[in-house]
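In what follows, a single structure is set out as structure tokens and then discussed.
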Amino acid sequence: MRILGIDPGSSICGYGCIEIADTGFQHPKNFRIIEVGTIKPPSKESFLQRLLIIHQEIDSLMLRLKPEIVAIEKVFAKINISSTIKLSEIRGAIFSSILKHTDQVFSTSPASVKKAITGQGHASKDQVELALKSLMQFDRGKLSQDASDAMAIAVSCGLDYQQTNMKAAL
């Protein structure tokens, strides 16, 4: 089974795709990294044009990677309401692309991802990276933090999938 994790953003969207061996969901040693990367719409483009680019790139990923399940990070309500609204619009563009390919879409909070990966809901990004490296030999290297976050989202979905901790987004 393939799981695509997405960390949405207007400047950079991270994505990470894993495949889980038939031997079981519950251990990251059964997880194989398929692809990790980012979508970076040009900053000179209008916000609407960036939405279109993100939508098209997600559609391309779905066609190429063929995930059965997609996990996406929930909007974290920030003090800046304008940023929260933009992130919600980006998630809408991503959902509209994903739903053409699968209805197995899950939404998860940053704290849930951190708890699934490290055992602590308030772990730092460095702690999550260290845990990913230990669990499945994932080394971010020169990848952006967004790509690493997306990989953590995919892995946490794989770990939580059978446990009903993930809530259907729709």
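The values are calculated or read from the model by the stated rules, or taken from the named source; none is laboratory data. The structure displayed is predicted, hence computed values, not measured ones. Cβ atoms come from the backbone with ideal geometry, glycine included; neighbour counts cover every protein chain shown.
Residue check: Leu65 meets all listed conditions (1) modelled with pLDDT of 95 or more; (2) within 19 Å of Val128 (Cβ to Cβ); (3) in contact with a Cys (Cβ under 7 Å, 6 or more places away or on another chain) but one, namely (2). Among the residues of the stretch 18-58, those identified as more than 30 Å from Ser82 (Cα to Cα) and either of a type in the set (Ser, Thr, Tyr) or not in a loop (DSSP other than H, G, I, E, B) (or both) are Ile18, Glu19, Ile20, Thr23, Pro28, Lys29, Asn30, Phe31, Arg32, Ile33, Ile34, Glu35.
State which residue is modelled with the lowest pLDDT when the search covers only the stretch 115-139 and only residues that are surrounded by 16 or more Cβ atoms within 10 Å (Cβ to Cβ) and not aliphatic (A, V, I, L, M). Once the filter is applied, the top-ranked residue is Phe138. Whenever a residue of the stretch 64-76 is without any contact (Cβ under 8 Å) to a residue 12 or more places away in the chain, it has no partner that is surrounded by fewer than 17 Cβ atoms within 10 Å (Cβ to Cβ) lying with C-beta atoms less than 8 angstrom away and at least six residues away or across chains.
For Ile12, the test of being hydrophobic (A, V, I, L, M, F, W, C) and in contact (Cβ under 8 Å) with a residue 60 or more places away in the chain is passed.
None of Ser60, Ser43 is over 18 Å from Leu143 (Cβ atoms), within 17 Å of the chain's Cα centre (by Cα) and of a type in the set (S, T, N, Q) except Ser60. Against the condition without any contact (Cβ under 8 Å) to a residue 12 or more places away in the chain, in a loop (DSSP other than H, G, I, E, B) and surrounded by 14 or more Cβ atoms within 10 Å (Cβ to Cβ), how does Ala111 come out, does it pass? No.
Scanning the stretch 72-82 for residues that are within 17 Å of the chain's Cα centre (by Cα) and at pLDDT 95 or above turns up at least one hit. When the stretch 37-76 is filtered for residues that are acidic (Asp, Glu), touching a Pro at 6+ places or on another chain (Cβ under 9 Å) and over 19 Å from Ser156 (Cβ atoms), only Glu57 remains. For the stretch 2-17, the candidate set comprises residues that are small (Gly, Ala, Ser) and not in a loop (DSSP other than H, G, I, E, B); within that set, the residue that is surrounded by the fewest Cβ atoms within 10 Å (Cβ to Cβ) is Gly14. Evaluation of His122 against the conditions (1) over 23 Å from Ile58 (Cα atoms); (2) in a loop (DSSP other than H, G, I, E, B); (3) within 17 Å of the chain's Cα centre (by Cα) shows that the sole unmet condition is (3).
Considering Ile53, Ile33, Ile18, the condition of being under 17 Å from Glu89 (Cβ atoms) and among the hydrophobic types (A, V, I, L, M, F, W, C) is satisfied by Ile53 alone. If you take the residues in the stretch 140-156 that are over 17 Å from Arg32 (Cα atoms) and charged (D, E, K, R), which one is modelled with the lowest pLDDT? If we take residues in the stretch 140-156 being over 17 Å from Arg32 (Cα atoms) and charged (D, E, K, R), then Lys142 is modelled with the lowest pLDDT.
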